[in-house]
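Notes to accompany the following structure.
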Amino acid sequence: MFTIHHFESVTSTNDLLRKMDEAKEFTCVVADQQTAGRGRRDRTWHSAPGDGLYLSILLLPRSSARVPLISLMAAVSVAETLVERGLSGVDIKWPNDVLANERKICGILTEGASTGQSSRIILGIGVNLNHGVFPEDLNLTATSVKIETGREVVAAEFRDQLLERIAHWYQIWKRDPDLVVTRWEQLSSYARNRHVAISTGDALINGVTDGLTSDGALRVIDEKGDDRIILAGEVQRLR
Ligand code: BT5
């Protein structure tokens, strides 16, 4: 199903895939190293050579309905792969940071455009596999499969296991997207009854989480008891 293009070093797998004009759906760019790996809002994704999985997949869904759920279905796929690998304490922080024992092990950057009915989505996923140490600024917040399990991971094996999960969940997303929402809510301790502070850029909302909307937005009951729907923002747990 996937056509894999493997590179030793790239700037960013998302950027390289975006330039591949003729690429077909399920084209997958993988690199051993990124020199300019990106997070959201131009943040940096630490992409140490050989230690992580850095990959981007082209998805061309025929409908643009419920496209925001694609990032969430990717987080579900990564979380399930990590659980299959024997990690404990796997969690998803809304919208799509995958955590192990409260430290970030995977980040997801979905980019693309919807034109009329169809969409061109670049799904970028970075997973920390064999990192032993992180740069100082990430030391307390990041982890890797090796740190969590004590075992080295063969990146190509992890990649294939993850791609199998993504293929599975992408089909489910097309057929019955509500199942993605349900599965995300099962895997995430942030889904319900979690006291959080959310910064949305122009506001700071304190409240308690109350599940997801059908499009994957986070429902929060704020301090005044009002229902809020968060489309984008940074979530911090309060207790
Ligand atoms: C993300 O952004 O978490 C999305 C990261 C996506 C990376 C993949 S790798 C393949 C593809 N090609 C790319 O260029 N990108 C994608 P965000 O939610 O904005 O989080 C970024 C923040 O996570 C940074 O500001 C750091 O605090 C932290 N961080 C950076 N590198 C990390 C790492 N390797 N492990 C854990 N945390 C990290």
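The values are calculated or read from the model by the stated rules, or taken from the named source; none is laboratory data. On a predicted model such as this, the values are computed, not experimentally measured, just so you know. Note: ideal-geometry Cβ built from the backbone for every residue, glycine included; neighbour counts use all protein chains shown. Accessible surface areas use protein heavy atoms only, side chains included; no ligands, DNA or RNA. Shrake-Rupley method; radii C 1.70, N 1.55, O 1.52, S 1.80 Å.
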When you go through (1) part of a strand (DSSP E or B); (2) under 15 Å from the mean Cα position of the chain (by Cα); (3) among the hydroxyl-bearing types (Ser, Thr, Tyr) one by one for Tyr170, which number turns out not to apply?
(1)
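Find the residue count for the stretch 100-109, including only residues that are surrounded by fewer than 22 Cβ atoms within 10 Å (Cβ to Cβ) and in a strand (DSSP E or B). Break it down into steps so the answer makes sense when it comes.
First, the residues of the stretch 100-109 that are surrounded by fewer than 22 Cβ atoms within 10 Å (Cβ to Cβ): 101-104.
Retained after the next criterion (residues that are in a strand (DSSP E or B)): 103-104.
Total satisfying the criteria: 2.
Applying the selection to the stretch 111-125, what residues are β-branched (Val, Ile, Thr) and either more than 9 Å from the ligand (Cβ to nearest atom) or at pLDDT below 95 (or both)? Step through it out loud before you land on a result.
To start, the set of residues in the stretch 111-125 that are β-branched (Val, Ile, Thr) comprises 115, 121-122, 125.
Those that are β-branched (Val, Ile, Thr) and either more than 9 Å from the ligand (Cβ to nearest atom) or at pLDDT below 95 (or both): Thr115, Ile121.
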Could you tell me whether any residue of the stretch 204-214 is part of a loop (DSSP other than H, G, I, E, B) and either farther than 30 Å from Lys174 by Cβ or modelled with pLDDT under 95 (or both)?
no
Might you check whether a residue that is crowded, with 22+ Cβ neighbours inside 10 Å and either charged (D, E, K, R) or away from the ligand (no atom under 14 Å from the Cβ) (or both) occurs anywhere in the stretch 80-89?
yes
Selection count, the stretch 180-203, where residues are open to solvent by 20 Å² or more (accessible area, probe 1.4 Å), under 30 Å from His168 (Cα atoms), of a type in the set (A, V, I, L, M) and part of a loop (DSSP other than H, G, I, E, B):
0
Give me a count of the residues in the stretch 209-239 that are among the hydrophobic types (A, V, I, L, M, F, W, C) and open to solvent by 40 Å² or more (accessible area, probe 1.4 Å).
5
Of (1) modelled with pLDDT of 95 or more; (2) within 12 Å of the ligand (Cβ to nearest atom), Val76 satisfies all except one. Which?
(2)
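Listed here are the residues, each with its yes/no results for (1) outside any strand (DSSP E or B); (2) under 29 Å from Asn139 (Cβ atoms); (3) near the ligand (Cβ under 10 Å from one of its atoms); (4) open to solvent by 10 Å² or more (accessible area, probe 1.4 Å).
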| position | (1), (2), (3), (4) |
| --- | --- |
| His6 | no, no, no, yes |
| Leu17 | yes, no, yes, no |
| Ala23 | yes, no, no, yes |
| Cys28 | no, no, no, no |
| Asp32 | no, yes, no, yes |
| Ala36 | yes, yes, yes, yes |
| Arg41 | yes, yes, yes, yes |
| Ala48 | yes, yes, yes, yes |
| Leu53 | no, yes, yes, no |
